[in-house]
1. Working only within segment 659-671, note down all residues that are at pLDDT 95 or above and more than 10 Å from the chain's Cα centre (by Cα).
2. Please list, ordered by first then second residue, the pairs with beta carbon atoms under 9 Å, 6 or more apart or interchain, first in segment 592-620 and assigned by TED's automatic domain parsing to the domain that holds Ala359, second surrounded by fewer than 20 Cβ atoms within 10 Å (Cβ to Cβ) and among the acidic types (Asp, Glu).
3. Taking the criterion of being out of contact with any helix residue (DSSP H, G or I) (no Cβ under 9 Å at 6 or more places or on another chain), among the β-branched types (Val, Ile, Thr) and within 17 Å of Asp94 (Cα to Cα), would at least one residue in segment 176-188 satisfy it?
4. Keeping to segment 124-154, report how many residues are of a type outside the set (D, E, K, R), loosely packed, with under 14 Cβ neighbours inside 10 Å and part of a loop (DSSP other than H, G, I, E, B).
5. Being at positive phi and of a type outside the set (D, E, K, R), is that true of even one residue in segment 458-476?
6. Can you go through Tyr641, Tyr674, Tyr690 and tell me which one is under 24 Å from Leu600 (Cα atoms) and either in the same structural domain as Arg587 (by TED's automatic domain parsing) or among the aromatic types (Phe, Trp, Tyr) (or both)?
7. Just one of the numbered conditions (1) part of a loop (DSSP other than H, G, I, E, B); (2) in contact with a Phe, Trp or Tyr (Cβ under 9 Å, 6 or more places away or on another chain); (3) under 30 Å from Arg452 (Cα atoms) is not true of Ala371; which one?
8. From the residues in segment 109-142 that are charged (D, E, K, R) and at pLDDT 95 or above, which one is nearest to Glu494 (Cα to Cα)?
Amino acid sequence: MTPRAALLALVILVSFAACGTRENRETRIDLVEVLATAEIHYEPRFVDLGTPEARAFLGPGWSWNERSAGTSFVWGTGETSELRFFLSTARAFDIEIQCFPFSYPGAPAQEIRPALNGILLEPVTLAADPQTYRLSVPAHASRQGINRLTFEYGYSQSPKTAFGGGDGRSLAVGWDWIRFHLQPEAGGSQVIASEDEISMPLGTGIDFYFEATGGDQLRIDEIRLPGQTASGLEIGLLTDGREEISLLELDSSRRDIAIDLPPGELQAVRLSWRAAALAGSPDPIRILRPRIETSVTGDESAPASTTSTTSLKPSEPPNILVYVVDTLRADHLGIYGYPRDVSPQIDQFGERAVIFDQAVAQTSWTKPAVASIFTGLRATAHGVNHRQHALASRFRTMAELLAEASYRTAAFTTNAYFSTDSGLRQGFDEFVLKPARADRVNEQIFDWLNRRGEDGPFFLYVHTIDPHAPYDPPESYRREFAPEVRDSTVGSFEHIRGLASGEIPRTSRTDQDLVDLYDAEIAFADRQFGLLLDDLQDRGLFDEMLILFVSDHGEGFYEHGVQGHGWDLYRESLQVPLIVKPPRMIRGQRVAEPVQHIDLLPTLLDLLGIEVPRTLQGRSLVPLLGNDPAPEAAQSPIFSYMDYDGRVGMSLIRSPWKLIEPLSSGFTPTRELYHRFRDPDERLDLAAEYPVLAGFLATLIRQQLLELERLPAVETMDFDDETRQQLQALGYLE
């Protein structure tokens, strides 16, 4: 602890009595209740690398988990690998490692140069076969809290270069396990919360992240330390850009603790508890009724908005069209700033509708995205997150709610995820799943409109597959938008997979070829959407219709290293077009406020005057649709969740920030933080610069994940042969 921090801690401790006499306070955060979303740390003993449990320790520089000869291991890749671990107190210790070099003909001797928190340790030259090595760590190299152990490699090499084949990873060292020899050794029990207390074994830590306001106070009824043992509890407070402040250092039990948190504007803080392992003890530290209290200054609730939107609500139930273009990213449309003229029909439609500039998908692949559109629920609430998950019948869908309001419901879709047992057919009177281009879908719609009759309003859901890969636009569109692509195999899944594996060399030309073909598919889809609108106009239906145009997700073109979707949660995968045309709207407008898929169902119901179920997690966008929209309100976080082929992650948008949190080894190596306005393309990761803010946003994600843990077992389905073939045609199955 620095002298300045120690002096501040002394001042705070002296002020306990005065703090305890304050009145008009109420509990704002019960720390026992929020323990489930805090970051809990344990001192390591043995890390079995190559197992799922070990991934929590791994930073950058590691590949996926592997097994060989019955042993799990993981390759260290590139120039450096980083491992992170927690210490309750800084001290000297030893580390044992078992590893082996990546060998190939002519390979030099592999040397590992380890460093802890930037302080170099003794280098190690590896034998050719797996061996155990011991490293000594001096006390001055370690630190209380999170430590970073890096291994710099003498060389790394790709198997593709060394032996041929398709493995382009840059491999250095295969890691079997790491053992920590810490004295005293931490207890083996867990941090737990009971009704009104938290129990912390020695050698553990807890980080609580929250937003602090002026007047906040940490209150604890009692801290009980194990008797007759050298132990202690340290509590510190950290904000971004400042040194940690020591709030409390105890080596004996104490009651009635009250500590004023530093005053200031609303800001993210980290409240850290460290149960110091000064000597071994089986007994934990017990913290009774820990909480954050705040001063009560009266009713601060803001008056509800009085903006009227009744003029938007039709006198009679309108016909409804929800039109989804699969895999359409927003920034490839003219109305979102794209310079190529690929979307004149959509652009023209937007001129007489409401364009949402920042619409965010709930995930980056079709099945959970559509489930969120249909239910108004996040992916963590409906649970449809795997290929063979099915939407449970207990959820009321868009089609079911409209059917209850006397709508005739019909769906025409081309994506095989809408199979018979998917649960996505709930509520539709007529449902047609037929893989086809958008022009064939139009033919089906025109036929349905010709025979629909006049008995009440209709709800029409259309889901076209253009411009989903494989990129194979009609020839006239290929000639106009992709004239340089003369090889008909370009854009096929074989071609795309060849680029991904390295079997086909990637160049700026190959990247542009894919974009050109994608744009050609958009242009074709745009033309077919325009023809459908023309037909509705000819039938006298268009003006009075409620039309929602949207995409389920976007598509990446190597902006973050991969092509396609379902890989990550970056902007190119999540930002989708959203255009809403209420009945009789003739003059368009734009909305800059962030919105999301789950807002569509409450918006539609609100526009129709149908009661919005309280279970929906989205909000009605009707206040933003009028000529005099309501002032921007405090934004609810926007969560997007992905669980696809073992790649699990979650993102959170809370303006102006976006956090991406990895939840599996197949996702990003570490959490990433982006400023959405200064860095809209999400290139500059600021998580290291703002670790407290990133930690607070990650806490909000953990709160959301609790919803997923509480879900009943998700229903599953089997693919029949026809569905399997259709999914293979879309590249979802091989």
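1. Here is the first cut: in segment 659-671, the ones at pLDDT 95 or above are 659-661.
Matches in segment 659-671: none.
2. So the pair list comes out as Ala592/Asp357; Ala592/Glu632; Glu593/Asp357; Glu593/Glu632; Pro594/Asp357; Leu605/Glu611; Ile610/Glu404.
3. Just the residues of segment 176-188 that are out of contact with any helix residue (DSSP H, G or I) (no Cβ under 9 Å at 6 or more places or on another chain), to begin with: 176, 179-188.
Pick out the ones that are also among the β-branched types (Val, Ile, Thr) and you get none.
No; the residues of segment 176-188 include none that is out of contact with any helix residue (DSSP H, G or I) (no Cβ under 9 Å at 6 or more places or on another chain), among the β-branched types (Val, Ile, Thr) and within 17 Å of Asp94 (Cα to Cα).
4. Count: 3.
5. In the first step, residues of segment 458-476 are kept if they are at positive phi; the result is none.
So far as segment 458-476 goes, no, none of its residues is at positive phi and of a type outside the set (D, E, K, R).
6. Working: Tyr674 fails: under 24 Å from Leu600 (Cα atoms); Tyr690 fails: under 24 Å from Leu600 (Cα atoms).
Only one candidate qualifies: Tyr641.
7. So Ala371 meets the others, but not (1).
8. Our first condition is that a residue be charged (D, E, K, R); within segment 109-142, this holds for 111, 113, 122, 129, 134.
From what's left, at pLDDT 95 or above: 111, 113, 122, 134.
Values: Glu111: 39, Arg113: 41, Glu122: 48, Arg134: 47 Å.
So the residue we want is Glu111.
The values are calculated or read from the model by the stated rules, or taken from the named source; none is laboratory data. In this text, all values refer to a predicted model and were calculated from it rather than measured experimentally. Note: ideal-geometry Cβ built from the backbone for every residue, glycine included; neighbour counts use all protein chains shown.
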